[in-house]
Amino acid sequence: MPETNNASETPVVQSTPSRRAFLRGAAVAVAVPAVAGALAACKDEGVKTATAGTPPQMTHADSDQSGGTMAPHPKSPAEIRAAADEMDRHHEAGIKSFPAATQGKGNQLMQPRVENGVKVYDLAAEKLMWEVAPGQSVEAWAYNGQVPGPQIRVKEGERVKINFTNRLEESTAIHFHGVALPNGMDGVPFITQPPVKPGESFTYEFTVPNSGSHMYHSHHNSSKQVPMGLLGAFIVEPRGGETHHADVDYVMILNDGSHGYTLNGKGFPATEPIVANRGQKVRIRFMNEGMMIHPMHLHGMPMLVTHKDGYPQPQPWHCDTLNIAPGERWDVMVDCQNPGTWAFHCHILPHAEGPMGMFGMVTALVVK
Amino acid sequence: MPETNNASETPVVQSTPSRRAFLRGAAVAVAVPAVAGALAACKDEGVKTATAGTPPQMTHADSDQSGGTMAPHPKSPAEIRAAADEMDRHHEAGIKSFPAATQGKGNQLMQPRVENGVKVYDLAAEKLMWEVAPGQSVEAWAYNGQVPGPQIRVKEGERVKINFTNRLEESTAIHFHGVALPNGMDGVPFITQPPVKPGESFTYEFTVPNSGSHMYHSHHNSSKQVPMGLLGAFIVEPRGGETHHADVDYVMILNDGSHGYTLNGKGFPATEPIVANRGQKVRIRFMNEGMMIHPMHLHGMPMLVTHKDGYPQPQPWHCDTLNIAPGERWDVMVDCQNPGTWAFHCHILPHAEGPMGMFGMVTALVVK
Amino acid sequence: MPETNNASETPVVQSTPSRRAFLRGAAVAVAVPAVAGALAACKDEGVKTATAGTPPQMTHADSDQSGGTMAPHPKSPAEIRAAADEMDRHHEAGIKSFPAATQGKGNQLMQPRVENGVKVYDLAAEKLMWEVAPGQSVEAWAYNGQVPGPQIRVKEGERVKINFTNRLEESTAIHFHGVALPNGMDGVPFITQPPVKPGESFTYEFTVPNSGSHMYHSHHNSSKQVPMGLLGAFIVEPRGGETHHADVDYVMILNDGSHGYTLNGKGFPATEPIVANRGQKVRIRFMNEGMMIHPMHLHGMPMLVTHKDGYPQPQPWHCDTLNIAPGERWDVMVDCQNPGTWAFHCHILPHAEGPMGMFGMVTALVVK
């Protein structure tokens, strides 16, 4: 992750270790090579100077002072520092690896074929392994091998056909969440259609009636199938064009099931940064496919909330933290006037950071 | 639940089982009579044809292939289908039984008697058994034998008297949530009144000061008493009439305590459908008496949000998923232009569906 | 907590114990001295009369009826009353002790020193014990010995310098949540600055760019450090003055970590009442530093929502229950026209009341 320097601001790092910390530093560096490595990687040069040059046996002498008592041994400054460095090493490693490579990418824009003026999409649901974060693979049930499924982007009033095949071991069906379809296309087994059995197919065909940031997902055994990955974005561009011009149009799908806390199917550091040039406008289409709220917090710049579930808000309004509940979609615009790499994360902190560093629902907005 | 057909749309069911699935279908039908029954009930006729005519012993031959190894036995297409059918049978049974009969109905409009121009309501709290869903009875603490308690509907400026008797085994009191009453009528034990002890009574009397979708509920040991059922709707119609005309005015009280996930005291399929004719306007007054948020999602048509806690929003706005937090009330209008039976449920999916089918916070809007 | 009487309203307490309850009352009073004490303190005089004058042995005779059977012994009215009184005694004691004294007070307005036109604040993080509620002390990590940290209040466009020293045993950093700072001042270790190691310091210096109710808190190991107390209010008054005049400007920081459910670092009854004269306007700046939503419910009067995250809402709107998600800030105005002591609490009821009475996220608005 690039670091941005603002010449007009003056961050000052002051190194103020106690004399004891000074005396013990080197001992720890000898005894805990991993920590020494972390120190070598650390950018905070002043600290390295402060902790150099003391013999290791100082530590042993100190241990002896606790003698045979059962009293808890207060940590020495050097021990504290070593523990802090060890923790920080993990934090740094996660951030430095961002964006980390993983197998598979979800939410890729799908190109339809056009047959007699109808946009045709072929979707198949199947089981696969999905790399959520580096080295963390989970069983997923996915549309066309992606979690989230491929992004479908159509225009208001277009005719759309979706040929769906179920290659899972249980029945399913697709609900186009937010799209005001004729009842027979609504995708709810036993209410609007029979379930699509394993090995079978079902064709959804309709004229797209309303614009907005919508979703498609399973509506059968949904509390299992959606968290497993049977979900995707269904974006409908308005006939007259978007009310707010965007240089970058980004879909961010939140999920929180057995795959962990994910943005577009990946957990930090495998999430994808949003990149824009200074002065560009970024639209973010938040979609919550999970079971919990996620108040998404963008650092550095406010978000202008323009749409809820695809419908315009009467008057857009600003915020920096937007609470997104399951099933909701919110569109926001960011005016990228503040250069730098900005943390962008769920503000339920245990969805974003642990003692070993950031994970889950964290990404960045990079304004170049 | 009625199914709606839209002649202008063309759902196509394609049966594409593999040859193995074709060969094994009948075996399963023989070995698992329950599944055969389910198949007989299934509307998907094409599938039945595809799975007929194969001798049972094919399955045994297949089992033999796993021999003495410990390797997991991959399911055959027929086994997969049988499992899917078995799961679907439960899903279908739940939906087909909707709306299921249960004992007791909450939220019934209560007729007051009028004494000297004052509307008088008698309320008593008592313990009883409450059938939340077919065959599932739970202990409830209820006003006038109903969960939610009887719906009280008055007009702004009217004089109201509520004679309350506590027949529970612990003290209680009634708070009129959202009604800006004089302090002595606010119903908070030890702050505005003494608790109403078991066997005793308390009379609330006031002139109704503000309109809106309000609630009444216990404000004593409330984290126990409210989930147990001591809650109800207190609707105050504005002096000048509602800002939005409604053909159907529906109160939907959400709860999530020891009674499970309920709408007006019942879990699906014992919930009540909302029924309207095409072109009618339906007002829904959402009220959350639970401990969790519930983002309610209506299929097929947007909701126009008009009021929050009884106060008009400056400008109504549309959505299809409305997040309702504990203690909140939201009024929405639905313009019933899209015919059919539409699923209407909490979009925290585990509040609405499990492997055995829909349950809990699910109902339907039926547009005839 | 003062009780308010409204002469125009007539609460009527009716004592209607059964004859059995009448006969047994005294027995319980003898056998359970604590209950007798509670009764003596009880304001409900009518009840005391009703429960006097019966010999204790009635209870024993009654117990004998259950003989050798295993059948549950139904409670007598007197036993029920005694249990209710015992429960109510705890409820009353909590409320009567409000506001209860505890050691330490957080969120105190901090006076800066001014150096060359720059407002300078010295902050240090350290570990201490914090009395959350009477007799309940927890380990806290605090800025300047306070939970929340001292309130920083500056004006839009002012130059601010914050000298921060880390006296904790792990690294940390300060993020100014909601303040649109230059990237280098954003306080996210390894993204915008190195972590501030134990014993070290870091100086944040910036010109305050945007007004509003903001926060400062740790952005390192934050799911541990923020719940432990490393948080505070950072209020930026707009250059042109607030859009809504307030006689009382109150900051209410919600938290829900290992310190329990707290308002400004304290749980009821150690929370602080908000006090105003009738006719005054109170601004409340809600800030959620926790991990859960908290729908704050004010009794007696509506709240006018004016700002979200420091940005004005296009048109203010009224409510009585405002859902505040983690990281969010909401400003509301209360027009104090309704005299009395009004409960003010999170409406997730288990965050506010248990069988032993109110606790956690409860305070009161007192309109004199």
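Just a few scattered comments:
- Estimated FRET transfer efficiency when R0 is 25 angstrom, pair A:Gln315-A:His245 (beta carbons, to 0.05): 0.90
- Estimated distance in nm for a label pair at A:Ser258 and B:Thr207, the labels positioned 7 Å out from Cα along Cα-to-Cβ: 6.2 nm
- Copy-to-copy label distances for A:Lys105, where each label lies 7 Å from Cα along Cα-to-Cβ, are 5.7, 5.7 nm in order of increasing length.
- Other protein chain C-beta atoms within 10 Å of residue C-beta, averaged over C:354-360: 3.
- On region A:222-368, 56 percent of the accessible area sits on carbon and sulfur atoms, based on a 1.4 Å probe.
- Label point of B:Glu242 (7 Å along Cα→beta-carbon): distances to the other copies' equivalent points are 3.7, 3.7 nm, sorted ascending.
- FRET efficiency, B:Val118 to C:Glu237 (Cβ-Cβ, R0 56 Å, nearest 0.05): 0.70
- Under the convention that each Lys and Arg Cβ holds +1 and each Asp and Glu Cβ holds -1, the size of the dipole of region A:232-288 around its Cα centre is about 100 debye.
- Of the peptides A:262-272, B:351-361, the order by per-residue mean of other Cβ atoms within 10 Å, starting with the highest, comes out as A:262-272, B:351-361.
- Relative packing of C:73-80, A:329-336, which averages over residues the other C-beta atoms within 10 Å, highest first: A:329-336, C:73-80
- Estimated D of region A:127-195 in µm² per second, where Rh is the Kirkwood radius over Cα pairs and Stokes-Einstein applies at 20 °C, 1.002 mPa s: 150 µm²/s
- Highest mean packing first, where packing is the average number of other Cβ atoms within 10 Å per residue, the peptides C:138-148, B:85-95 line up as C:138-148, B:85-95.
- Accessible area in the full protein assembly, largest first, 1.4 Å probe, for B:Arg159, C:Arg113: C:Arg113, B:Arg159
- Protein heavy-atom accessible area occluded, B/A pair - total, 1.4 Å probe, Å²: 4600 Å²
- Computed over all pairs of different Cα atoms, the Kirkwood value for the hydrodynamic radius of region C:142-292 is 16.3 Å.
- 10 Å Cβ neighbours from other chains, averaged over peptide C:328-334: 2
- Across the identical copies, how the B:Gln136 labels are spaced - nm, sorted shortest first, 7 Å along Cα→Cβ: 3.2, 3.2
- Pairs from B:Lys308/C:Lys281; A:Lys105/C:Lys224; A:Lys96/A:Lys127; B:Lys127/B:Lys266; C:Lys127/C:Lys197; C:Lys155/C:Lys266 whose Cα-Cα separation, in the structure shown, is over 25 Å: A:Lys105/C:Lys224; A:Lys96/A:Lys127; C:Lys155/C:Lys266
- The Cα trace of region A:233-368 gives Rg and Dmax of 14.2, 49 Å, the first to one decimal, the second as a whole number.
- The Cα-based radius of gyration of region A:227-298, divided by its Kirkwood radius, gives an Rg/Rh of 1.00.
- Cβ-derived FRET efficiency at R0 30 Å, B:Ser97 paired with B:Arg167, nearest 0.05: 0.35
- Residue-normalised accessible area of region A:142-255, expressed per residue, 1.4 Å probe, Å²: 21 Å²
- Residue by residue along B:295-305, Cβ atoms of other protein chains within 10 Å of the local Cβ number 5 on average.
- Beta bridges assigned by DSSP with both partners in region C:81-189 are antiparallel in approximately 55 percent of cases.
- Mean shadow area of region B:84-202, taken as a quarter of the surface of its Cα convex hull (nm²): 10.4 nm²
The values are calculated or read from the model by the stated rules, or taken from the named source; none is laboratory data. What you are looking at is a predicted structure, and each value in this text was computed from that prediction instead of being measured. As a convention, Cβ positions derive from the backbone with ideal geometry for all residues, glycine included, and neighbour counts pool all protein chains shown. Just the protein is used for accessible areas: all its heavy atoms, side chains included, with ligands, DNA and RNA removed. Shrake-Rupley method; radii C 1.70, N 1.55, O 1.52, S 1.80 Å.
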